[in-house]
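Read through the structure below, which is laid out as structure tokens, and then see the notes.
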Protein chains: 4
Amino acid sequence: MAVEPIGVGMLGYAFMGKAHTNAYKTLAYMTWPPPLMPQLVAIAGRNEAAVAEAAQRYGYAEHVTDWKTLVADERIGLFDNSGPNDLHAQPTIAAAEAGKHVICEKPLGRDADESYETWRRVAATGVKHMCAFNYRFVPAVRLARQIVEAGEIGEIQHFRGAYLQEWGATEGELWRFDKAAAGSGALGDLGAHVIDLSRYLVGEIEALSAITATFQPGREVDDAVESVVRFENGAVGTIEASRFSQGRKNAFRWEINGSKGSIAFDLERLNELQVHLTGSAPGERAQGFRTVLVSEAEHPFWEHWWPQGHIIGWEHSFVHEIHHLLTAIRDDADVAPHGATLEDGYRAAEVCDAMLRSAEGGGRETVSYR
Amino acid sequence: MAVEPIGVGMLGYAFMGKAHTNAYKTLAYMTWPPPLMPQLVAIAGRNEAAVAEAAQRYGYAEHVTDWKTLVADERIGLFDNSGPNDLHAQPTIAAAEAGKHVICEKPLGRDADESYETWRRVAATGVKHMCAFNYRFVPAVRLARQIVEAGEIGEIQHFRGAYLQEWGATEGELWRFDKAAAGSGALGDLGAHVIDLSRYLVGEIEALSAITATFQPGREVDDAVESVVRFENGAVGTIEASRFSQGRKNAFRWEINGSKGSIAFDLERLNELQVHLTGSAPGERAQGFRTVLVSEAEHPFWEHWWPQGHIIGWEHSFVHEIHHLLTAIRDDADVAPHGATLEDGYRAAEVCDAMLRSAEGGGRETVSYR
Amino acid sequence: MAVEPIGVGMLGYAFMGKAHTNAYKTLAYMTWPPPLMPQLVAIAGRNEAAVAEAAQRYGYAEHVTDWKTLVADERIGLFDNSGPNDLHAQPTIAAAEAGKHVICEKPLGRDADESYETWRRVAATGVKHMCAFNYRFVPAVRLARQIVEAGEIGEIQHFRGAYLQEWGATEGELWRFDKAAAGSGALGDLGAHVIDLSRYLVGEIEALSAITATFQPGREVDDAVESVVRFENGAVGTIEASRFSQGRKNAFRWEINGSKGSIAFDLERLNELQVHLTGSAPGERAQGFRTVLVSEAEHPFWEHWWPQGHIIGWEHSFVHEIHHLLTAIRDDADVAPHGATLEDGYRAAEVCDAMLRSAEGGGRETVSYR
Amino acid sequence: MAVEPIGVGMLGYAFMGKAHTNAYKTLAYMTWPPPLMPQLVAIAGRNEAAVAEAAQRYGYAEHVTDWKTLVADERIGLFDNSGPNDLHAQPTIAAAEAGKHVICEKPLGRDADESYETWRRVAATGVKHMCAFNYRFVPAVRLARQIVEAGEIGEIQHFRGAYLQEWGATEGELWRFDKAAAGSGALGDLGAHVIDLSRYLVGEIEALSAITATFQPGREVDDAVESVVRFENGAVGTIEASRFSQGRKNAFRWEINGSKGSIAFDLERLNELQVHLTGSAPGERAQGFRTVLVSEAEHPFWEHWWPQGHIIGWEHSFVHEIHHLLTAIRDDADVAPHGATLEDGYRAAEVCDAMLRSAEGGGRETVSYR
């Protein structure tokens, strides 16, 4: 079986670089045959010793200290931007304009302007592009989307989502706390994920009000954001993000209530989906939220893995995500609707900006896209 | 609305006396109209000061220090034996032979012989009789019975039940640790409940093997019992009871697996039933254990209580139990199958004895009823 | 033991009348000796047949069809207003002005004006007064307060509370949907509870933004309210209430995150408290949210009940609440801080009004008390 | 950084072959630097087309249809036996006698005799050997061992373990149902895991009684086994395994109760450990089972993975397991106590055989090792 290769150029070797690289290496044999066979051409990073070790560790054929070298490398067909937020726009645009497909970590930009610019310029090139909102590729999240699309929970009335972590008080200097590098704090880091899944599962947000808080003295960015939202379809709810929730390690929790049922999820138990359906039979008398262990042969993405009940980890969302992108590249197919495009990245940024405007000005903000 | 009265004579004013008395007082207005209106005629106990205070507290018209006075009291139509195990047989028999209906706490006797004698002599009188296996009257347990009876989980293959508490090491002198008074330890106290519900939900036990343990030096009775059981219908499983399970406060847990589904329960969350049904539609893809909050208008016993989700407590099982008994008395109806009779009390004792024989002799014991 | 009596006059015999009456009857023997011995003097309701049956059922000596008869009855020392919202102000004020202690169901009034008037006029009389925010009297909630007050979770950064029910779409005509009778919908009915506990556990709310929704065509009141709040102490969070959350039967859920730990609660499991403490030892490596089964002898209110793990029901919160009020009456002690006074009822109404103003006007509202 | 290589020869390409191969490929970069760098030399299987595709898929340099070719291959330093049970003994012995280190899937043999022979002959060669009881390498399981060893839960009184799956009725012809190929059914497949962890966490089993059941007509092997056990240290408990537990997908659940605390685990939530410690301070009033999300930097194996709360999957246990073996090979260190040796494989088989004898004969069996 001959699988066509695709050269990958990676920007970044830290947390996200590790996660994306693992995806390329794993999908090569776990999703068999893979849509395209990743060739790890080169990895870029500013610290030469570190990037050299990363290349050795992960099997990139070369390492470079200037991302522009990746952009100029003709062997590279896919540019993977796993760098910090302030390195999202320029390299991603340059790579696309050099004809490479691109995947860029979220948030796409540090604000809506930068994100819009990135999206428009990349889209203009005609390459495939993806914003790495990887949680769309958690099997339970995809299953939720299937249930919603099939109308099984009816009209949606509520979405409440919160992404809670606890390390905000104990971590020291990080680029994530630097406004120039990160754009925002918990909002862009965690809140953007909530916004993206709310758009993926419920629809566009029409209006919102928000309050932000910075608990750590001297910190430039928000430690937490709290908002109320109204969707275009009439659903209302809340979106929150915080780095100051003790005991919540990686608690991205959301719940959707519809006229015929409800769905709830917690990333700390990412293999499970809580599903309540009002109309199921038999068992009118035995209704309640079902703990669905999303690990059956017929569940999304599960054909790649193990017998039922042998659960997978957080990192596998990236395997599915990049598998999706490679399939779109191979087939010249749309990344949307299941994959987040750079337009989705921009739209999340537009909502984030509206939250910051509301937090500052106190008014309810309407979300409008350019 | 005139409700016919029934005079109640109570033996005991400690834990069980309090629970039973609360039931009489509560059902008088919560289950409206009650089947019969309890009149608290007299309460018996050996410590006069204590029993006098109990009478005042609970509203018994009189107090006595000799239970025989209750037996002789013609105003009493129902004799409630909430005394310790060694006071079960004689007063219960005497009351029945004096023509009073009887309810007796579990275990019915200290062994199968005593239990058999009590059952036979009481049954011979023709009065209504009940062994207070109150957990049959937890709404979730009754719902489980309904689901099993309706065939919704198919043929039963497994029952695993454990009743775990933690106080075995820290409590001092108690009649419960005295073999002469209690008969056995965790087995008769907790294990009898597991045995009774296994019989109520699955069927008769055919054979078993057991191991007991006494962890506390010098203690006469078992602190824990572990057994494997085979039911007449072919199901197999385990039955356990322990007073040495740290952190398990009142954890009476059981699970039933059938060919079409499963049910699980934990007394620490007594308003919930975990139900898995393989054949439900829609939602083949959204199967899993449902957390049924057993608190809907159509759920067992719930017509007496509150709007859905307003959960009830442990003590309410006694309200339902005694309501059931009063109904049987009023209607001259069978206490069985939902109420445990003294025959059920005897049968649980026969199983307990078989467990002790197996624990001592090491062999698998067949359960046979006289 | 002679316990001094107090005559009780009850307005209402529906859901709340049943719950309050059960409390008077139960505390008389469960909390022994009770602070005062309730005498059920009379019950008022507009439907004579119904109120007559209620009197017989619950043991009120008399029934009346005009609440003013209760106010005029000198045997009555405590006026219990369990009527609908539009019958809160006038009877409560009249009873207090007649020298009776009063307890009034929540919301205190249909808006802040009415609530303020009620509080001020009642307070002017010098009687004891209580607004029946019964959830302060759930053992787990009181335990949470103890933990917060002891500083065990440090400075509070977040409160997120939601009271979710599901019956909004299926119930027909109810006074609860009538703006003139109820004042508001989910907000006053459910949201007021969230507001009250947020004030009890975290502190005063300083500012908020809100969105409301009415999903049922033609309905006058809100079906759901979503809000973001900032507390005076700097904590931020969300407060929600909805009658359109399928599968959530009585899900009053809240979580508090502090600098040293977190606490979470769900009314559907009211005997449990989730507690995370960062600083516990031993076991740095074994940290996590503890499921505290709030049923130990040393836990709040537990001295009245059963051995550990024998859980209590929703209705018991009222037993504790009225026990608290009777103690305050007997001892001429403050109802606050653990009991909600009519001032607390007013304050909750002020917050509710601010939410409605924000929902309508779109701006962030400052909460200020008169 | 130059990592010394080790040639791997793999027998089997199905479920376990996939899991083991994934481990070699993943540890090469996730555990950096790896103890030895696996070189995938060759893979053996009987179906040439299938094994050829497996070689291509996973990157084995060669494929062979006779495992003896692997044994003869001097490039291979580690022989990995992921074949069916009836191919465990002979190839494993042959590989060891050819001087290769060996890892063999569980159960080591189809009975104790075969397992004993395998262990003794392999041990005689002096190579490193491991029986792939991979659940010892789940982070939560290792954490449990640390807690037990540190004495934090005191003396152990109970172990109750069950490994429950549901596919027994729906799967058709499988070697797992063939007595000649598999040796036993649920017992060797699932029960062996329970036995191994009970030995790892509690200690040696001294005596036991068991009942087995075969629900599927015509099936040669057990569908379920139920047993009671007594450990040498005095603890008592139950061990179960079943393929007929509807709704339990991969539910390997165990609980340990000790004099100072308890620990509980469920493989379906393998990133969590339930821990109850009686002596923790502060918070006497806030005790309860903690849901420890075993994903902190200081937790076992976690240095290889992600920031806290980013959970890992079932397959990662194999990464840790083989990492452990490679470390032992590199350092000429003991595989025990954390790795299961072939002696552990034999001991589990001895317990399994005792269960079958008890199930057949009805008596309590003593476990004695040769």
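The values are calculated or read from the model by the stated rules, or taken from the named source; none is laboratory data. Remember, it's a predicted structure, so these values are computed and weren't measured experimentally. Note that we place each Cβ from the backbone using ideal geometry, even for glycine, and neighbour counts take in every protein chain shown. Side chains included, ligands, DNA and RNA excluded: accessible areas come from the protein's heavy atoms. Shrake-Rupley method; radii C 1.70, N 1.55, O 1.52, S 1.80 Å.
If you go through the range B:7-23 and keep only what is more than 17 Å from C:T31 (Cα to Cα) and touching a helix residue (DSSP H, G or I) at 6+ places or on another chain (Cβ under 7 Å), you end up with B:V8, B:G9, B:M10, B:L11. None of D:I147, D:I211, D:I153, D:I195 is of a type outside the set (S, T, N, Q), in a helix (DSSP H, G or I), at the interface with another protein chain (Cβ under 9 Å from one of its Cβ atoms) and open to solvent by less than 10 Å² (accessible area, probe 1.4 Å) except D:I147.
When A:T327, A:T291, A:T341, A:T278 are checked against the criterion of being among the polar types (S, T, N, Q), modelled with pLDDT of 95 or more and more than 30 Å from A:L36 (Cα to Cα), A:T291 stands alone in meeting it. Here B:A44, B:A52 are screened, and the one residue that is touching a helix residue (DSSP H, G or I) at 6+ places or on another chain (Cβ under 9 Å) and aliphatic (A, V, I, L, M) is B:A44.
Filtering the range B:1-37 to residues that are touching a Lys or Arg at 6+ places or on another chain (Cβ under 8 Å) and more than 13 Å from chain C (Cβ to nearest Cβ) leaves B:E4, B:G7, B:G9, B:P35, B:L36. Among all positions in the range D:285-304, there is at least one residue which is more than 10 Å from chain A (Cβ to nearest Cβ), part of a helix (DSSP H, G or I) and either β-branched (V, I, T) or crowded, with 21+ Cβ neighbours inside 10 Å (or both).
Each row is one residue, and each column tells you yes or no for (1) within 13 Å of chain A (Cβ to nearest Cβ); (2) over 18 Å from D:F133 (Cα atoms); (3) open to solvent by 10 Å² or more (accessible area, probe 1.4 Å); (4) under 16 Å from the mean Cα position of the chain (by Cα).
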residue: D:H316; (1), (2), (3), (4): yes, no, no, yes
residue: D:G345; (1), (2), (3), (4): no, no, no, yes
residue: D:E350; (1), (2), (3), (4): no, no, yes, yes
residue: D:R357; (1), (2), (3), (4): no, yes, yes, no
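Residues in the range A:319-334 that are aliphatic (A, V, I, L, M) and open to solvent by less than 10 Å² (accessible area, probe 1.4 Å): A:V319, A:I322, A:L325, A:L326, A:A328. Between A:A182, A:A140, the distinction of being within 14 Å of another protein chain (Cβ to nearest Cβ) and open to solvent by less than 20 Å² (accessible area, probe 1.4 Å) belongs to A:A140 only.
Taking the range D:255-284 as the range and being within 30 Å of A:I312 (Cβ to Cβ), within 7 Å of another protein chain (Cβ to nearest Cβ), open to solvent by less than 10 Å² (accessible area, probe 1.4 Å) and not in a strand (DSSP E or B) as the test, only D:L270 passes.
Please determine whether any residue of the range D:84-96 is under 23 Å from D:S317 (Cβ atoms), acidic (D, E), surrounded by fewer than 24 Cβ atoms within 10 Å (Cβ to Cβ) and out of contact with any strand residue (DSSP E or B) (no Cβ under 7 Å at 6 or more places or on another chain). No, every residue in the range D:84-96 fails to be under 23 Å from D:S317 (Cβ atoms), acidic (D, E), surrounded by fewer than 24 Cβ atoms within 10 Å (Cβ to Cβ) and out of contact with any strand residue (DSSP E or B) (no Cβ under 7 Å at 6 or more places or on another chain).
Starting from the range C:58-70, take each residue that is more than 15 Å from C:P38 (Cα to Cα) and list its partners that are in a helix (DSSP H, G or I), counting only C-beta distances under 6 angstrom and pairs at least six apart or across chains. What qualifies is C:H63/C:V51; C:H63/C:A52; C:H63/C:A55; C:T65/C:E48; C:W67/C:P91.
Residue-level check: of (1) out of contact with any strand residue (DSSP E or B) (no Cβ under 7 Å at 6 or more places or on another chain); (2) open to solvent by less than 10 Å² (accessible area, probe 1.4 Å); (3) not charged (D, E, K, R), B:Y163 misses just (1). Considered as a group, the residues in the range B:1-46 that are open to solvent by 10 Å² or more (accessible area, probe 1.4 Å) and among the aromatic types (F, W, Y) include one that is nearest to B:Y135 (Cα to Cα), and that residue is B:F15. Just the residues that are touching an Asp or Glu at 6+ places or on another chain (Cβ under 8 Å), of a type outside the set (G, A, S) and crowded, with 20+ Cβ neighbours inside 10 Å, please, taken from the range D:214-235. Answer for the range D:214-235, where residues must be touching an Asp or Glu at 6+ places or on another chain (Cβ under 8 Å), of a type outside the set (G, A, S) and crowded, with 20+ Cβ neighbours inside 10 Å: D:F215, D:V221, D:V225, D:E226, D:V228, D:V229, D:R230, D:F231.
Each residue in the range A:97-128 was checked for being closer than 23 Å to A:C352 by Cβ and either of a type in the set (D, E, K, R) or open to solvent by less than 30 Å² (accessible area, probe 1.4 Å) (or both), and 20 pass. Going by the conditions given, is D:T238 closer than 30 Å to C:E296 by Cβ, more than 8 Å from chain A (Cβ to nearest Cβ), among the hydroxyl-bearing types (S, T, Y) and surrounded by fewer than 24 Cβ atoms within 10 Å (Cβ to Cβ)? Against the criterion (closer than 30 Å to C:E296 by Cβ, more than 8 Å from chain A (Cβ to nearest Cβ), among the hydroxyl-bearing types (S, T, Y) and surrounded by fewer than 24 Cβ atoms within 10 Å (Cβ to Cβ)), D:T238 does not qualify. Taking B:R160 as the residue in question, decide whether it is in a helix (DSSP H, G or I) and basic (K, R). Considered against the rule, which asks whether it is in a helix (DSSP H, G or I) and basic (K, R), B:R160 comes out as no. Of note, C:L174 does not satisfy the criterion of being away from chain A (no Cβ under 12 Å), out of contact with any Phe, Trp or Tyr (no Cβ under 9 Å at 6 or more places or on another chain) and open to solvent by less than 40 Å² (accessible area, probe 1.4 Å).
Filtering the range B:241-254 to residues that are at the interface with another protein chain (Cβ under 9 Å from one of its Cβ atoms), surrounded by fewer than 24 Cβ atoms within 10 Å (Cβ to Cβ) and in a strand (DSSP E or B) leaves only B:A251.
Just one of the numbered conditions (1) at pLDDT 95 or above; (2) within 21 Å of the chain's Cα centre (by Cα) is not true of B:F215: (2). Residues that are open to solvent by less than 30 Å² (accessible area, probe 1.4 Å) and not hydroxyl-bearing (S, T, Y) were ranked within the range D:53-64; the one that is farthest from D:G77 (Cα to Cα) is D:A54.
Scanning the range A:217-240 for residues that are touching a strand residue (DSSP E or B) at 6+ places or on another chain (Cβ under 8 Å), closer than 15 Å to A:D189 by Cα and in a loop (DSSP other than H, G, I, E, B) turns up A:D222, A:D223. Among the residues of the range A:361-368, not a single one is open to solvent by 10 Å² or more (accessible area, probe 1.4 Å), within 14 Å of chain D (Cβ to nearest Cβ) and assigned to a helix (DSSP H, G or I).
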